[in-house]
1. How about the stretch 77-93: which of its residues are within 18 Å of the chain's Cα centre (by Cα), not in a helix (DSSP H, G or I) and not acidic (Asp, Glu)?
2. So how many residues does the stretch 55-92 have that are under 17 Å from Leu13 (Cβ atoms), without any contact (Cβ under 8 Å) to a residue 60 or more places away in the chain and surrounded by 14 or more Cβ atoms within 10 Å (Cβ to Cβ)?
3. Applying the selection to the stretch 52-76, what residues are farther than 23 Å from Pro28 by Cβ and within 14 Å of the chain's Cα centre (by Cα)?
4. Quick check on my filter: what residues within the stretch 1-28 are without any contact (Cβ under 8 Å) to a residue 60 or more places away in the chain, assigned to a helix (DSSP H, G or I), open to solvent by less than 60 Å² (accessible area, probe 1.4 Å) and not hydrophobic (A, V, I, L, M, F, W, C)?
5. Against the condition in a helix (DSSP H, G or I), crowded, with 17+ Cβ neighbours inside 10 Å and out of contact with any Cys (no Cβ under 9 Å at 6 or more places or on another chain), how does Met39 come out, does it pass?
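The values are calculated or read from the model by the stated rules, or taken from the named source; none is laboratory data. Here the structure is a predicted model, which is why all the values come from computation and not from measurement. Glycine gets a Cβ as well: all are built from the backbone with ideal geometry, and neighbour counts include every protein chain shown. Side chains are part of the model used for accessible areas, which takes the heavy atoms of the whole protein and leaves out ligands, DNA and RNA. Shrake-Rupley method; radii C 1.70, N 1.55, O 1.52, S 1.80 Å.
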Amino acid sequence: MEIILFLLSCFGLTQILVYGKIFNKIRPNYHLFHCSMCMGFHAGWFLWLTNGFTGLFTFDYSLATGFILACASSGMSYVMSVLFVDEGLNIKI
C-alpha cells in the first residue's frame, strides 16, 4: 500500500509542477519542467528524501532504494500523464 501512495503522490507532484497554471510565470523553459517523465524522476527522489517527515510511506535511505523509487515514479508519472488528460481518460478509438 505504501508504494501505491508513494507513486500517486509522485504523480500529483509531477502534474502540479509540469502542468499547473500557478507556475506558468515562474516555470523555467527547460525540457525538465515540461516533461512528466523527467520531472517524475526528480519528484520520486525528492519524496524519497523527505519520506521521514510523513506517515504515508516509509522507505529506507539507501541509494539503491532512492534510485529504484525515482525510476518507478518516472514511469508511473509518464503512464498516468498519457492515460489522463484534462477531459478525463485519454481513450482513442
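1. Restricting attention to the stretch 77-93, the residues satisfying the condition of being within 18 Å of the chain's Cα centre (by Cα) are 77-86.
Then keep just the ones that are not in a helix (DSSP H, G or I); that gives 84-86.
Result: Phe84, Val85.
2. 9
3. Of the residues in the stretch 52-76, the ones farther than 23 Å from Pro28 by Cβ are 52-69, 71-72, 75-76.
Passing the criteria: Gly66, Phe67, Ile68, Leu69, Cys71, Ala72, Gly75, Met76.
4. Ser9, Gly12
5. When the stated conditions are applied, Met39 passes them.
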